[in-house]
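Contents: one structure, followed by commentary.
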Amino acid sequence: MATETTIALPVLGEPTQAAIIGPENGRTVYVETYGCQMNVSDSEIVMGVLHANGYRPVDSADDADVILLNTCAIRDNAEKKIHDRLDALKWQKRHNRDLVVGVLGCMAERLRTSLLEKKLVDIVVGPDEYRKVPELVETALSGSKGIAVKLSRVETYDDIQPLRTEGISAWMSIMRGCDKFCTFCVVPFTRGRERSRALQSVVDEAKQLWDAGFREVTLLGQNVNSYRDDVSGYDFADLLAATARAVPQMRIRYTTSHPQDMSDKLIDTMAEHDNICKYIHLPIQSGSNRVLQLMNRTYTVEHYMQRMERIRAAMPLVAMSTDIIAGFCTETEDDHQRTLDVMRAVRYDGAYMFAYSPRENTKAWKMGDDVPDEVKSRRLQEIVDLQQTIAAEINATEVGRIHDVLVEGPSKRNASEWRGRSDTNKTVIFPHDETADYIVGDTIRTRITRSTSATLFGERVTT
Ligand code: SF4
């Protein structure tokens, strides 16, 4: 059992598995992650901090002394899931009085002390206060509830070593917060103002990841392409180029971008470096300028399309995906048709499509949720159907094409097949047997032989 209670922090530069600073305290911790990749990365940071304080991570809530739910608040049903999960944990708490239950992330930041009113919940910690988790867990173990939800203008966990699950693909958050204030979005309120890590710390971590066996890294931010190293003045394109040069064999990806910050410099930097993957996730949200204005998206459809032309001129084989919201406040049938028109014009390889979910305290909340649910669902279905048709048509044109595929392992469906991902972020399934001379993490050439709207199927090309 730990004697001293000093809070230790795993320092960047140590081996990927955070070295334990204090003695193992014999307590186990389980983190359950909901929502976006940013939360996946944050859970690795929380685990890194706890591991450095002697906590042992476990893979099941049943084996844990401490259960932490890292939550999402982007839509109503995301929060409902957490309330249901907490109800389900009541049984475990009744059978283990010492169990510590904590709520982390965007829902913690949005709902704050109201979560502590739940008998079950011991600690509530917002996205900028994860250094305090060990101390709050200690307080909870001595019977007092704890909360830490202050938003920071400087916190980037730059010096923290995340505890990553072994693998070939890593997430790395390079900036935090968002200054865009889209009227439907809670992120600026749950994650605060934008701040970026130092360029050198990102490049150093990418090198460490390569040495640790990772073969791909995705640079993360709510608004990743508005990254700026305030000390050196380097922008996102500079960071991308520096990272690509520092680990030339490693695949570099990034998400999520904002059309406003999709500069020519960024586009040209992507085109110049082979190891920067030719895939861009560029949310459009709506195809109607009137709705984009109500959303405060700060661009027009014309501006967005001009960016698309510029991207495809520089990288003709680039794959594109987007986010679309159906049924935003006052959306008319004509606005909806304009969204379908943009989808037909851009022809996305993939999309994340949602019905508008009003969020309290956002500007859109005051606009009123006036599009009836059945209209929202019908419009969403039309968007989903169109996207599926387009994706199937695009993937059909991939037949005969050769892709460099990063091998990820056995396919989920068929033991005699393995899967991997193309540079354009498409899943590729290919035959595999024990004579294969490649391993997970290798890149192999495959010729695409058939496709569906979601998956490519291919065969290995050895010559
Ligand atoms: S850019 Fe808009 S949608 Fe994206 S996180 Fe920021 S406020 Fe939310």
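The values are calculated or read from the model by the stated rules, or taken from the named source; none is laboratory data. Keep in mind that this is a model prediction, so the values were computed, not measured. All Cβ positions, even for glycine, are placed from backbone atoms using ideal geometry, and neighbour counts span all protein chains on display. Areas reflect the complete protein model, heavy atoms only, side chains present, ligands, DNA and RNA absent. Shrake-Rupley method; radii C 1.70, N 1.55, O 1.52, S 1.80 Å.
Assorted remarks:
- Straight Cα distances below 16 angstrom link Lys376 to the aspartates and glutamates Asp76, Asp323, Glu331, Glu333, Asp334, Asp335, Asp385, with same-chain residues fewer than 8 positions distant left out.
- Label-reachable residues, the range 114-155, where backbone N falls under 16 Å from a point 7 Å from Asn296's Cα toward its Cβ: none
- Carbon plus sulfur fraction of accessible area for the range 278-396, probe 1.4 Å, in percent: 55 percent
- Lysines whose Cα lies under 27 Å from that of Lys278, excluding same-chain neighbours fewer than 8 positions away: Lys180, Lys207, Lys265, Lys412, Lys426
- Among the DSSP helices (H) of the chain, those spanning at least 18 angstrom by Cα along their long axis with an average Kyte-Doolittle hydropathy of 0.0 or more are 37-52; this is a geometric and hydropathy rule only.
- DSSP bridge orientation in the chain - percent antiparallel, rounded to nearest 5: 35 percent
- Adding -39500 (n - 2.57) for every DSSP H run of four residues or longer, then dividing by how many residues the chain holds, sets the calculated 222 nm ellipticity at -10000 deg cm²/dmol.
- Extension gain, Ser263-Ala78: 0.36 nm per intervening residue step, less the Cα-Cα distance, totals 63.3 nm.
- Net charge dipole size for the chain [Lys, Arg +1 and Asp, Glu -1 on Cβ; Debye, nearest 20]: 700 debye
- Surface accessible to a 1.4 Å probe, per residue, for the residues of the range 167-276, Å²: 33 Å²
- The chain, relative contact order in percent, only Cα pairs under 8 angstrom and at least six apart counted: 10 percent
- For peptides 388-395, 194-201, sequence by mean Cβ density within 10 Å, most packed first: 194-201, 388-395
- Label-point gap, in nm, between Ala88 and Tyr352 - each point 7 angstrom along Cα→Cβ: 2.2 nm
- Of the accessible area of the range 102-200, computed with a 1.4 Å probe over protein heavy atoms only, carbon and sulfur atoms account for 55 percent.
- For the range 278-396, the solvent-accessible area works out to 43 Å² per residue, with a probe of 1.4 Å and every protein chain left in place.
- Per residue accessible area of the range 402-460, 1.4 Å probe, in Å²: 52 Å²
- Cross-link reach is defined here as a Cα-Cα straight distance under 26 Å, omitting same-chain residues fewer than 8 places apart; for Lys145 the lysines meeting it are Lys80, Lys81, Lys90, Lys93, Lys118, Lys119, Lys132.
- Prolate/oblate/rounded call for the chain, Cα gyration tensor, a/c under 1.5 rounded: oblate
- Cβ-derived FRET efficiency at R0 51 Å, Ser142 paired with Glu333, nearest 0.05: 0.30
- Note on Arg460 and Lys363: their simple-model spin labels are 5.5 nm apart, each label 7 Å out from Cα toward Cβ.
- Inter-label distance, Arg56 to Thr165: 2.0 nm, where each label sits 7 Å from its Cα along the C-beta direction.
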